[in-house]
Amino acid sequence: MTNKRLELIVHSFEAGRRGKPDELDAGIAHLIGAYFLQRDKDSRFDIRVTGGYNKSKGRLQVTVSGEVSDYLLCGYEADLRKLVVDYYNYIHLTSLCLGEILIEFRFNPQSSTLASNGTTGDSGNPIAVAYANTPNCLPWERHLAVEIRDLIDNIFHNNNVPQKYQELSGVDKILGLKADGKVGVDAYYSKSRLHSVNQISVAVEHRKDLKVNELRNNLGKVIRAYLEYESVQSNIDLGNPRIMINGLGDWNTGGWYIDEGTRDAKPYRDGFSTYGVNVDSFSGEDPSKPSATGTMLARHIAVQIVANQLADFARVSLNYTIGSSDVGLNIWTNNTSSIPQEKLEQWVRENFSLTITDARKSFDLRNPNTYREIVRNSDFFHNPNYAWNTVLFIK
């Protein structure tokens, strides 16, 4: 008799810090979406934001473009200029004035035919996943990357390490951080269960007075303390992953000064890309589009499947065709389901509407405050209080 070899699959996720250009641009795009929803809850938009540095003029420069309902394309410029500068100052802890950032608007009117579409505003194949027995039913790589990103941003904004990690790490402050950076996590799975966290890669912009070796030492201790705390809270051994911090050394200048970002440069920041194709960024889109709203619905369904103990893992794929009311559905559980695939998909269709119209209503996606809350969290799926992440126990 031969022993079966253990097969592992790796899933990776990268969480950009809020000052990372692509992340910053995505946040601005979504805040502009909230602005247009505030003016009219039925507004249609697909906002693109590109930030960078204009060397010839010696100033930061932002271009805001995309499609917006034509009746909204008036009287917006002063409000949006202030929105851009205020958000930049909040993220970077700066105090730039309005004239210190060049801001150009290049909006096009939204197609009247598309805007009047009563079924699906676009075609798409949104995908989302959920795991049993993980924090908020999230993949471990996504949960850890976002948590560590939030931890670093928290230290930057508050000038101290959260109390619960101080005693474990022996570090109470890390002075000299700046706003740009990212956190990547590689997690290995066996049969849809976590096998190991292999590597955590961190890049952090910092001032020159914070030497890179000091940054590596102190931040490394804090991240280890977080992993120890999370292991206890989740009752799982996260092991001893390799932690790489600023692998190329000092990084003293980042953000728009050296990197031109765009809200749709890295669509994987929004979805579950290592579990399927993720071709579009959600940020700055109105809720009639399936890329965002459909992924939220797929995530909601996946959460219910694992929370109701129908499977240990669920990958839910929906398929929308522009102008059609038919919705394709595929659920893959990696053979962890307690019922056959066709029965599981039948259970979903009996208990959930798959239309974008019903999803945006039940998730309150026409509410501008929903958009603003997503920007504050800088993630669509980490907050368990979002309607699409909440658990419903279904008989």
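The values are calculated or read from the model by the stated rules, or taken from the named source; none is laboratory data. Note that this is a predicted model, so its numbers are computed, not measured. Cβ coordinates were reconstructed from backbone atoms using ideal geometry, including for glycine residues, and neighbour counts include every protein chain displayed.
Residue-by-condition table, conditions (1) charged (D, E, K, R); (2) closer than 25 Å to ASP259 by Cα:
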position: THR134; (1), (2): no, no
position: LYS178; (1), (2): yes, yes
position: GLY181; (1), (2): no, yes
position: ALA187; (1), (2): no, no
position: SER192; (1), (2): no, no
position: GLY220; (1), (2): no, no
position: GLU228; (1), (2): yes, no
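Among the numbered criteria (1) assigned by TED's automatic domain parsing to the domain that holds ASN369; (2) at pLDDT 95 or above, which single criterion is violated by GLU285? With respect to (1) assigned by TED's automatic domain parsing to the domain that holds ASN369; (2) at pLDDT 95 or above, GLU285 is out only on (2).
The single condition among (1) surrounded by fewer than 15 Cβ atoms within 10 Å (Cβ to Cβ); (2) touching a residue at least 60 places away in the same chain (Cβ under 8 Å); (3) polar (S, T, N, Q) that GLN346 does not satisfy is (2). ASN133 meets each of the listed conditions (1) surrounded by fewer than 13 Cβ atoms within 10 Å (Cβ to Cβ); (2) under 26 Å from the mean Cα position of the chain (by Cα); (3) farther than 30 Å from SER231 by Cβ apart from (3).
Confirm whether ALA314 is in a strand (DSSP E or B) and at pLDDT 95 or above. Before the answer, list the steps.
Numbers: in a strand (DSSP E or B): yes; at pLDDT 95 or above: yes.
In short, yes.
Let me confirm something: among ILE223, ILE236, which residue is buried (at least 18 other Cβ atoms within 10 Å of the Cβ) and either assigned to a loop (DSSP other than H, G, I, E, B) or over 16 Å from the mean Cα position of the chain (by Cα) (or both)? Before the answer, list the steps.
Details: ILE236 fails: buried (at least 18 other Cβ atoms within 10 Å of the Cβ).
Step by step, each of ILE223, ILE236 is checked, and only ILE223 is buried (at least 18 other Cβ atoms within 10 Å of the Cβ) and either assigned to a loop (DSSP other than H, G, I, E, B) or over 16 Å from the mean Cα position of the chain (by Cα) (or both).
Checked against (1) modelled with pLDDT of 95 or more; (2) more than 30 Å from GLY52 (Cα to Cα); (3) of a type outside the set (D, E, K, R); (4) surrounded by fewer than 17 Cβ atoms within 10 Å (Cβ to Cβ), GLY249 passes all but a single condition, namely (2). Taken over the stretch 204-220, the criterion of being outside any loop (DSSP other than H, G, I, E, B) and either closer than 23 Å to GLY16 by Cβ or not assigned by TED's automatic domain parsing to the domain that holds ASN154 (or both) is satisfied by VAL204, GLU205, HIS206, VAL212, LEU215, ARG216, ASN218, LEU219, GLY220. Take ALA187 and decide whether it is at pLDDT 95 or above and within 30 Å of ALA314 (Cβ to Cβ). When the stated conditions are applied, ALA187 passes them.
No other residue among VAL202, VAL185 is of a type outside the set (Lys, Arg) and either touching a Leu at 6+ places or on another chain (Cβ under 6 Å) or surrounded by fewer than 20 Cβ atoms within 10 Å (Cβ to Cβ) (or both) apart from VAL185.
Might you let me know whether the stretch 349-371 holds any residue that is of a type in the set (Ser, Thr, Tyr), in contact with a strand residue (DSSP E or B) (Cβ under 8 Å, 6 or more places away or on another chain) and part of a loop (DSSP other than H, G, I, E, B)?
First pass over the stretch 349-371, keeping only residues of a type in the set (Ser, Thr, Tyr): 353, 355, 357, 362, 370-371.
Now narrow it down to the ones that are in contact with a strand residue (DSSP E or B) (Cβ under 8 Å, 6 or more places away or on another chain): 355.
Now drop any that are not part of a loop (DSSP other than H, G, I, E, B), which leaves 355.
Scanning the stretch 349-371 turns up at least one residue that is of a type in the set (Ser, Thr, Tyr), in contact with a strand residue (DSSP E or B) (Cβ under 8 Å, 6 or more places away or on another chain) and part of a loop (DSSP other than H, G, I, E, B).
Filtering the stretch 319-340 to residues that are surrounded by fewer than 23 Cβ atoms within 10 Å (Cβ to Cβ) and either among the small types (Gly, Ala, Ser) or under 27 Å from ASN367 (Cα atoms) (or both) leaves ASN319, THR321, ILE322, GLY323, SER324, SER325, ASP326, VAL327, GLY328, SER337, SER338.
For every residue, the table says whether it meets (1) within 18 Å of ASN377 (Cα to Cα); (2) not in a helix (DSSP H, G or I).
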residue: ARG142; (1), (2): yes, no
residue: ARG149; (1), (2): yes, no
residue: ILE152; (1), (2): yes, no
residue: GLN166; (1), (2): no, no
residue: LEU175; (1), (2): no, yes
residue: ASP180; (1), (2): yes, yes
residue: ASP186; (1), (2): no, yes
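Pick out, from the stretch 18-131, the strands (runs of 3 or more DSSP E) lying fully within it that include 2 or more residues that are outside the structural domain of ASN330 (by TED's automatic domain parsing), in contact (Cβ under 8 Å) with a residue 40 or more places away in the chain and more than 30 Å from GLY254 (Cβ to Cβ). Qualifying strands (runs of 3 or more DSSP E): 59-68, 101-109, 127-131. Restricting attention to the stretch 20-53, the residues that are surrounded by fewer than 24 Cβ atoms within 10 Å (Cβ to Cβ), in contact with an Asp or Glu (Cβ under 9 Å, 6 or more places away or on another chain) and of a type in the set (Lys, Arg) total 1.
If you check VAL171, VAL197, VAL204, VAL222 for being out of contact with any helix residue (DSSP H, G or I) (no Cβ under 6 Å at 6 or more places or on another chain), farther than 26 Å from GLY52 by Cβ and touching a residue at least 24 places away in the same chain (Cβ under 8 Å), only one passes: VAL197.
Please determine whether any residue of the stretch 308-326 is of a type outside the set (Ser, Thr, Tyr) and without any contact (Cβ under 8 Å) to a residue 24 or more places away in the chain. Lay out the reasoning, then the answer.
Residues of the stretch 308-326 of a type outside the set (Ser, Thr, Tyr): 308-316, 318-319, 322-323, 326.
Narrowing the set further to residues that are without any contact (Cβ under 8 Å) to a residue 24 or more places away in the chain leaves 326.
Yes, that holds for at least one residue.
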